[in-house]
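Peer 1: Handing you a structure now.
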Amino acid sequence: MPKSLTHSQQITKFYTLVEQASCRLANHFTPELPRERVLSWLSQNVPKPRLQHILRVEQTAIALAQHHQLAVDKAAQAGLLHDLAKYFEPERLLAMAKAEGLALTEVDLADPHLLHADVSAIVARDEFAVSDPEILAAVRNHTLGQPGMSQLCCVVFLADSLEPGRGTSPELEDIRQACLDNLYQAVLQVCDRTFAHLINHHRLIHPRMVLTRNWALQLSSDLTTPPPKKLNL
């Protein structure tokens, strides 16, 4: 039986996987969706620091998809597309969401920036002709998540929060370790970390993320808690 890795070895493995994912990035794209075309659009619509974040998310999504034996090409494409609408003005985000018929909450209306993930999926579809529902869902759910979301969605959700540029706090490193073992546990930890930040800064919490957190808690508990013993009555 192989020896389990220590905490520090797991974290080193995370960074190694992300570094290895930087090779041959263009191979994960198609003639219909060339990587260079997306990069060109991003260079005109997001500032350079945000573009660097997007590239790190792309690499981290690839690394996690490879590690968990998921669709690597879809993870790469969703990672590169995830923040297309990040710098759209609030009025534009609201207008596009309403035109799409999205159900808006009071939190969306108070903080339209939270719509950037949903609107990024719209841009991916309309600007880049992305039609794959898994890729679009992964883009759409990268900020707030969604109960029942796929493992591919979990990968992009986690990549956005855990890419190396986010920092090296002990809390983040713990989640990076967790994401290699249990995607749902890592989603739960990201949600809890986000909630703590929002509460400390007196910010609104979106109800969809609360639902995501509760869903992840139930799934991670199901994977780690042994079933109750049957009583002999």
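Just so you know, all these numbers are worked out from the coordinates, no wet-lab data involved. Worth saying up front: this structure is predicted, and the values here are computed from it rather than measured. Cβ: placed from backbone, ideal geometry, glycine included. Neighbour counts: every protein chain shown.
Peer 1: Out of all the residues in region 53-71, is one or more more than 15 Å from the chain's Cα centre (by Cα) and acidic (Asp, Glu)?
Peer 2: So far as region 53-71 goes, no, none of its residues is more than 15 Å from the chain's Cα centre (by Cα) and acidic (Asp, Glu).
Peer 1: I'd like to check something: does region 140-153 contain any residue that is farther than 19 Å from Pro207 by Cβ, without any contact (Cβ under 8 Å) to a residue 40 or more places away in the chain and not in a helix (DSSP H, G or I)?
Peer 2: Here is the first cut: in region 140-153, the residues farther than 19 Å from Pro207 by Cβ are 150-152.
This time we only want the ones that are without any contact (Cβ under 8 Å) to a residue 40 or more places away in the chain, so: 150.
With the extra rule that they be not in a helix (DSSP H, G or I), the set shrinks to 150.
Looking for residues that are farther than 19 Å from Pro207 by Cβ, without any contact (Cβ under 8 Å) to a residue 40 or more places away in the chain and not in a helix (DSSP H, G or I), one finds at least one in region 140-153, hence yes.
Peer 1: In the list Pro147, Pro133, Pro47, which residue meets the criterion of being out of contact with any helix residue (DSSP H, G or I) (no Cβ under 7 Å at 6 or more places or on another chain), closer than 23 Å to Ala216 by Cβ and surrounded by fewer than 17 Cβ atoms within 10 Å (Cβ to Cβ)?
Peer 2: Working: Pro147 fails: out of contact with any helix residue (DSSP H, G or I) (no Cβ under 7 Å at 6 or more places or on another chain); Pro47 fails: closer than 23 Å to Ala216 by Cβ.
Only one candidate qualifies: Pro133.
Peer 1: To continue, here is another question. When the residues of region 22-44 are narrowed to those that are surrounded by fewer than 16 Cβ atoms within 10 Å (Cβ to Cβ) and charged (D, E, K, R), which ends up nearest to Ile135 (Cα to Cα)?
Peer 2: Applying the filter and picking the extreme gives Glu32.
Peer 1: Please identify the pairs in which a residue from region 85-109 that is without any contact (Cβ under 8 Å) to a residue 24 or more places away in the chain has its Cβ atom under 8 Å from the Cβ atom of a residue that is exposed (fewer than 14 other Cβ atoms within 10 Å of the Cβ) and outside any loop (DSSP other than H, G, I, E, B), counting only partners at least 6 apart or on another chain.
Peer 2: Leu94/Leu109; Leu104/Lys98
Yes or no, residue by residue, for (1) surrounded by fewer than 22 Cβ atoms within 10 Å (Cβ to Cβ); (2) hydroxyl-bearing (Ser, Thr, Tyr); (3) within 26 Å of Leu219 (Cβ to Cβ); (4) under 18 Å from the mean Cα position of the chain (by Cα):
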| site | (1), (2), (3), (4) |
| --- | --- |
| Phe88 | yes, no, no, no |
| Ala95 | yes, no, no, no |
| Thr105 | yes, yes, yes, no |
| Ala110 | yes, no, no, no |
| Ser120 | no, yes, yes, yes |
| Phe128 | yes, no, no, no |
| His142 | no, no, yes, yes |
| Phe157 | no, no, yes, yes |
| Ile175 | no, no, yes, yes |
